[in-house]
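Notes follow the structure.
The values are calculated or read from the model by the stated rules, or taken from the named source; none is laboratory data. Just so you know, these numbers come straight off a predicted model, no measurement behind them. Here the Cβ is made from the backbone with ideal geometry for all residues, glycine too, and neighbour counts use every protein chain on show.
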Amino acid sequence: ATPAAIVEHYADFASSYDDTILNEYQYAAHLKMPEAVLALATGDALRVLDCGCGTGLVAAPFFAASAKHEVTGVDVTPSMTAIAAEKPYKRVLTCSVQEALTGELAGERFDVILIVGMMEFIDDPP
């Protein structure tokens, strides 16, 4: 899907996204993936890249586990990143993951890269 198609699809969905995903779809990956990662963590601060961060649902367990984790979110949909920016991300970028990795995040290192529920949106990985 093109970034424009993704933005169009999610633009009006942002305000009800979390409620719909959790209650209507019974979504659980937002808990399972972070729990698995945090179970393996040694207690050190983690630098986390949340690809396709949406509203911040998948990163929430990292925020809850420790304020020392630094989470960077990337999503192409401005209405989603506006909600994510209200959460304790180190920063939230509104662009495609490809643009972030070849632009502002080029050369940065992360301990964890979260790609939950967005693989189908990556057309041409860098």
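Brief remarks follow.
- Of all the listed residues (75, 50, 19), the sole one being closer than 23 Å to residue 8 by Cβ and in contact with a Cys (Cβ under 9 Å, 6 or more places away or on another chain) is 75.
- Any hit, segment 102-111, residues being modelled with pLDDT of 95 or more and under 12 Å from the mean Cα position of the chain (by Cα): no
- Members of segment 1-41 found to be of a type in the set (A, V, I, L, M, F, W, C), surrounded by 15 or more Cβ atoms within 10 Å (Cβ to Cβ) and in a loop (DSSP other than H, G, I, E, B), listed by number: 13, 41
- All positions within segment 62-89 that are assigned to a loop (DSSP other than H, G, I, E, B) and under 12 Å from the mean Cα position of the chain (by Cα): 76, 77, 85, 87, 89
- Take the conditions (1) surrounded by 16 or more Cβ atoms within 10 Å (Cβ to Cβ); (2) over 23 Å from residue 9 (Cα atoms); (3) basic (Lys, Arg); residue 90 misses just one of them, which is (1).
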